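Working notes, beginning with the structure itself.
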Amino acid sequence: MLLSGSLLAFMLAGVGGQEAAAAEGFQKEADPALNCTQQDRAKKGDKVIMEYVGFLADQTRFDSGKSEFVLGEGKVIKGLEKGVEGQCAGEKIVMVVPPEFGYGDNSADKIPAGSILYFITRLHAIIRTTKKPRGGSCNEATKARPNIDVTLDIEGRVITPSGNGKVFLDKPSLEIRFGKPNAIRFVRGLESSLTGACTDEERTLFLGPDLAYGDSGKSDGRVKGGESVKVDVRIVRVRDKKPTDSKIALNFLETIASGGLKNFAG
């Protein structure tokens with residue numbers, strides 16, 4: 001990840017930066033700000049996928065990785081939720097998190113009590129459920145998941161400040177095999193955002209370049225390199241067109257056990 005100019009200098013100011021940060025309170029800065037519409041920004045109830053690196057004031061890295069959480073559920077520290085809320089998919093966000101939005105007077109692993117935390121993050125995806133499945137949930141057999149063929153009713157647009165980005169994909173019946181190791185970046189982004197979704201569930205996905213078409217863009221030019229996209233999708237059908245050998249063997253044994261092959265002559 002690249003670091004933001006103004007806040008990075010502030011972050012790395014050492015003890016002086018710690019004192020200044022305490023006086024300023026929580027801060028965040030997108031570098032650069034993508035200026036998506038208010039409707040396209042992360043809000044409470046959205047699930048987000050983000051990547052982060054966390055530092056202490058002495059520049060010690062205390063943690064890094066990827067995280068998925070729902071805004072408003074309180075599964076991560078308040079500073080991360082506050083830093084992501086209101087931001088656009090694809091933005092790099094630098095955060096200065098005072099103790100009251102971090103771990104307060106408690107210590108945590110490599111983090112001393114009362115620490116101001118500094119995060120460099122990338123908001124890869126915002127996942128918004130717009131229609132829940134009937135009954136609010138479904139059984140595992142009707143969920144999108146790896147090694148399953150998922151049919152989607154899907155429309156994709158480029159995210160722009162005006163909210164009227166160009167349509168780059170519009171298919172009422174697009175079938176994708178989830179879990180293929182050679183899947184293109186955009187398909188991997190769909191898998192990351194739709195795994196666990198039920199048949200007839202509808203979601204709006206806001207995908208940054210790392211889960212869309214990267215720095216190169218879409219091969220037909222409809223999505224430029226570095227652009228984020230908005231995808232409206234409905235899960236039409238979930239099925240397994242290519243059962244594994246173990247499933248075939250299990251079905252065969254069940255047939256034998258039920259006497260289904262009694263007329264078979266070897």
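We did not get these values from a lab; they are worked out from the coordinates using the rules stated. These numbers were taken from a predicted model, which means no experiment stands behind them. Note that we place each Cβ from the backbone using ideal geometry, even for glycine, and neighbour counts take in every protein chain shown.
Which one of these does P146 not meet: (1) assigned to a strand (DSSP E or B); (2) closer than 22 Å to S67 by Cβ; (3) out of contact with any helix residue (DSSP H, G or I) (no Cβ under 7 Å at 6 or more places or on another chain)?
Failing condition for P146: (1).
Mind listing just one residue for me: the one in region 71-83 that is surrounded by 16 or more Cβ atoms within 10 Å (Cβ to Cβ) and in contact with a strand residue (DSSP E or B) (Cβ under 6 Å, 6 or more places away or on another chain) and, of those, farthest from K47 (Cα to Cα)?
If we take residues in region 71-83 being surrounded by 16 or more Cβ atoms within 10 Å (Cβ to Cβ) and in contact with a strand residue (DSSP E or B) (Cβ under 6 Å, 6 or more places away or on another chain), then G79 is farthest from K47 (Cα to Cα).
So, in region 84-98, of the ones that are assigned to a strand (DSSP E or B) and not β-branched (V, I, T), which residue ends up surrounded by the fewest Cβ atoms within 10 Å (Cβ to Cβ)?
Of everything passing the filter in region 84-98, K92 is surrounded by the fewest Cβ atoms within 10 Å (Cβ to Cβ).
For the list (1) without any contact (Cβ under 8 Å) to a residue 60 or more places away in the chain; (2) crowded, with 20+ Cβ neighbours inside 10 Å, I need the number of the one condition that I184 fails.
(2)
Just checking, how many residues over region 99-149 are surrounded by 21 or more Cβ atoms within 10 Å (Cβ to Cβ) and not hydroxyl-bearing (S, T, Y)?
Going through region 99-149 one residue at a time, the tally reaches 11.
Pairs, please: C-beta under 9 Å, at least 6 apart or cross-chain, first residue within 12 Å of R61 (Cβ to Cβ) and touching a residue at least 12 places away in the same chain (Cβ under 8 Å) and in region 105-122, second in a strand (DSSP E or B) and basic (K, R)?
K110/R61; F119/K28; I120/K92
Here are E81, E68: which of them is of a type in the set (D, E), without any contact (Cβ under 8 Å) to a residue 24 or more places away in the chain and part of a helix (DSSP H, G or I)?
Residue meeting the stated conditions: E81.
So in region 31-48, with the set limited to residues that are closer than 18 Å to S193 by Cβ and among the small types (G, A, S), which one is surrounded by the fewest Cβ atoms within 10 Å (Cβ to Cβ)?
Of everything passing the filter in region 31-48, G45 is surrounded by the fewest Cβ atoms within 10 Å (Cβ to Cβ).
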